[in-house]
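Quick notes on the structure that follows.
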Amino acid sequence: MQRLSESLHRELAELTLTLPRPTIDVALCVTPPASADAAAGADRLAARLEALVATALGRNGFRSVVRLGGAHACADPPEEAARVAEGRGAELLVHVASMVQHGRLHLEGTIVRTDRSLWRDLVGGRGGAMVGQIFASARLDAELRFYLAQPHPPLAPRTQSVLFESPGPVLGMVAGDIDGDDMDELVVLRRRAVDVLTLRQPDRRARLVGTLPLDALEPAVTASRDPVGTIALLSGADGGRRIALRVSDHSVGMVVSWDGERFDGPEPLSDYPIDGAIGILCGTVPRGRNTFEPRVVPCSPSPAPGPEVGAGPFWAVSYANVLGPDGSSTRSVGLVLAEARLIVTAAGVTRDLGPTGSAVWVGDLDDDGVLEVAHSAASPPGDPDRLTVTTLPASGPQDGWASRTIAGGIGAIAAGDLDGDGAIELVFAELTPGGSRIWIVD
């Protein structure tokens, strides 16, 4: 629901630029998708979507948002509904239709004027004429699947294949919508560059759409040991996302953005970014080491003290906000300690999942509201490796599945809906002698 709200806010912000004045009285009605469970379920979803659209309207300066109420109120054509809206004192009607397609909920809104509208005086004509449209879309997460009575996709993978051959060692990866197109991109951090990859239907081929060289921005990385690098997505108040990164302890952190065609920035960052969902959290690596100190700090040019995240130094950390069917969010943390043990904290409960490799990802892979943990195997660097997924319901850890064994070690893990089919794909980077091989588990 939050992603829909952000998408609606962006659409309405653009629309208000074309209106004579945004502070006008608006009526609103929303039709649920045909797949919504009949009667009570449909009305419940319509009421929830109405509240979402009403909030977005209010954020953009509209006033007196009147909900016509119930799925039946939008059954008539927009012209007829506009007359109903006029009787409620509204100058505009926002008539929103919703549908489910390819694992996503789509909203399409038609904005029409009533006979009370100031457009009648400005441009003539009767009520019912369209003055604008809005569009919003979001993947079916646990909350939306609850409202729509949609089953969640199976956790077991169907295929494992090579997605991309990277020319250098991958230090970190992250997936998310970084250009506002409602599709997830894969951002890959290498020692000398940042790459943006897309995976689109129908051919599902990975495309390298952008590269930011770091040589001119970062001092050279010491070649005597493995570099430490992190990357995270920073969520803005406007729904936009920026990329935070750092590639060595001899460099500074930075924040850049990607608009679909080019990078903008950089802005300085104090340390190693490790999470950006709630503010920006950074980790600290002492000079000459390759493990983090057991404390995270809010990122800034002058970082402030932050909370302890583990019992000692750690190799890697992953944060997630897991959304439940009721819309509540649970903060979860997966931590790989320096002694190569995996510690996971969720809903206030900390569990030791035993020996592990240095790569970890936590989140909800199958949109059922239950945490999954993906991690590499407890094998020496350079030995064959495999990805393991463990499910963590309240009752305790449950075995999920494991990938095929690969020749090299896993250096990074990420997950997102990269191909737009509504299901989350897992990706992981295998370190090879000449670079990295990025695998996708679908």
Criterion first (within 23 Å of residue 164 (Cα to Cα), touching a residue at least 40 places away in the same chain (Cβ under 8 Å) and out of contact with any helix residue (DSSP H, G or I) (no Cβ under 8 Å at 6 or more places or on another chain)) does residue 430 satisfy it?
yes
So, of the residues in region 250-274 that are within 22 Å of the chain's Cα centre (by Cα) and among the aliphatic types (A, V, I, L, M), which turns out to be nearest to residue 314 (Cα to Cα)?
274
Considering only region 144-177, how many residues are within 24 Å of residue 108 (Cα to Cα) and open to solvent by less than 10 Å² (accessible area, probe 1.4 Å)?
3
Taking region 295-306 as the search range and keeping residues that are open to solvent by 40 Å² or more (accessible area, probe 1.4 Å) and in contact with a Leu (Cβ under 9 Å, 6 or more places away or on another chain), which one is modelled with the lowest pLDDT?
301
Kindly provide the set of residues from region 107-145 that are modelled with pLDDT under 80 and assigned to a helix (DSSP H, G or I), ordered by number.
119, 120, 121, 122, 123
Based on what the data block shows, is residue 382 part of a loop (DSSP other than H, G, I, E, B), open to solvent by less than 50 Å² (accessible area, probe 1.4 Å), in contact (Cβ under 8 Å) with a residue 24 or more places away in the chain and not aromatic (Phe, Trp, Tyr)?
no
Of everything in region 416-442, what is within 14 Å of the chain's Cα centre (by Cα) and farther than 13 Å from residue 198 by Cβ? Give them in sequence order.
422, 423, 424, 426
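Please find, within region 365-379, the residue that is modelled with the lowest pLDDT out of those that are of a type outside the set (Val, Ile, Thr) and assigned to a loop (DSSP other than H, G, I, E, B). Give the steps one after another, and end with the answer.
Step one: list which residues in region 365-379 are of a type outside the set (Val, Ile, Thr), which gives 365-369, 371-372, 374-379.
From what is left, the residues that are assigned to a loop (DSSP other than H, G, I, E, B) are 365-369, 377-379.
Details: 365: 92, 366: 90, 367: 90, 368: 90, 369: 91, 377: 95, 378: 92, 379: 87.
Restricting to residues being of a type outside the set (Val, Ile, Thr) and assigned to a loop (DSSP other than H, G, I, E, B), the top hit is 379.
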Considering region 227-244, residues that are within 18 Å of residue 184 (Cβ to Cβ) and at pLDDT 90 or above, and then whichever is surrounded by the most Cβ atoms within 10 Å (Cβ to Cβ), we arrive at 232
If you take the residues in region 385-408 that are in a loop (DSSP other than H, G, I, E, B) and over 18 Å from residue 332 (Cα atoms), which one is most open to solvent (accessible area, probe 1.4 Å)?
404
Given (1) outside any helix (DSSP H, G or I); (2) at pLDDT 70 or above; (3) of a type outside the set (A, V, I, L, M), number of the condition residue 23 does not satisfy:
(2)
Residues in region 341-361: is at least one farther than 25 Å from residue 297 by Cα, assigned to a loop (DSSP other than H, G, I, E, B) and in contact (Cβ under 8 Å) with a residue 40 or more places away in the chain?
no
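Please enumerate the residues belonging to region 348-374 that are of a type outside the set (D, E, K, R) and within 21 Å of residue 143 (Cα to Cα). Break it down into steps so the answer makes sense when it comes.
Initially, region 348-374 is screened for residues of a type outside the set (D, E, K, R), giving 348-350, 353-363, 365, 369-371, 373-374.
Scanning region 348-374 gives 362, 363, 365, 369, 370, 371, 373.
The values are calculated or read from the model by the stated rules, or taken from the named source; none is laboratory data. Nothing here was measured: the structure is a model prediction, and the numbers come from that model. Neighbour counts run over all protein chains shown; Cβ positions are idealised from the backbone, glycine included. Accessible surface is based on the protein model in full, side chains and every heavy atom, while ligands, DNA and RNA are left aside. Shrake-Rupley method; radii C 1.70, N 1.55, O 1.52, S 1.80 Å.
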